[in-house]
Amino acid sequence: MKMTNQLWVICFLLLLLGACKHQHSEPTIEELITVQPIRTSDGWGYQILLGDTLFISQPYMPAVEGYIPFARAADAMQVGQLVKERLLKEQLPLINREDLINLKLVTE
């Protein structure tokens with residue numbers, strides 16, 4: 001009887017170890033692509049990282065004439081998230097004025 005209990009404990013520990021190992025598997029592409037706000041001298045921008053590697057640095061609003069930063073970190077993050085979504089859909093990560101209008105960041 002004692003041997004059976006030990007066998008059950010060993011089986012349980014092996015299952016637990018397997019579950020823990022499964023949780024530490026390779027990250028998905030969605031987990032690898034991260035968006036971070038960046039503070040600029042007069043506003044906000046965003047950057048896109050692939051793992052630890054800088055992929056896109058956008059210190060000002062795209063599709064807007066001149067070098068105008070985002071007014072708020074949240075605004076920069078909205079656009080950064082849109083870029084991330086496009087990357088995940090294997091689309092070009094381009095932002096146009098219509099995107100900014102839809103996000104209510106600029107007016108027509």
Hey, can you tell me all the residues within the stretch 68-92 that are part of a loop (DSSP other than H, G, I, E, B) and exposed (fewer than 12 other Cβ atoms within 10 Å of the Cβ)?
89, 90, 91, 92
Scanning for something free of Cβ contacts under 8 Å to residues at least 40 places away in the same chain, in contact with a strand residue (DSSP E or B) (Cβ under 7 Å, 6 or more places away or on another chain) and charged (D, E, K, R), does the stretch 24-42 turn up at least one residue?
no
Does residue 35 fit the bill of being modelled with pLDDT of 95 or more, in contact with a Lys or Arg (Cβ under 6 Å, 6 or more places away or on another chain) and either β-branched (Val, Ile, Thr) or assigned to a helix (DSSP H, G or I) (or both)?
yes
Of the residues 95, 101, only one is surrounded by fewer than 15 Cβ atoms within 10 Å (Cβ to Cβ), modelled with pLDDT of 95 or more and of a type in the set (A, V, I, L, M, F, W, C); which?
101
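The values are calculated or read from the model by the stated rules, or taken from the named source; none is laboratory data. All of these numbers come straight from a predicted model, not from anything done at the bench. Using ideal geometry, Cβ is built from the backbone for each residue, glycine included, and neighbour counts are taken over all protein chains shown.
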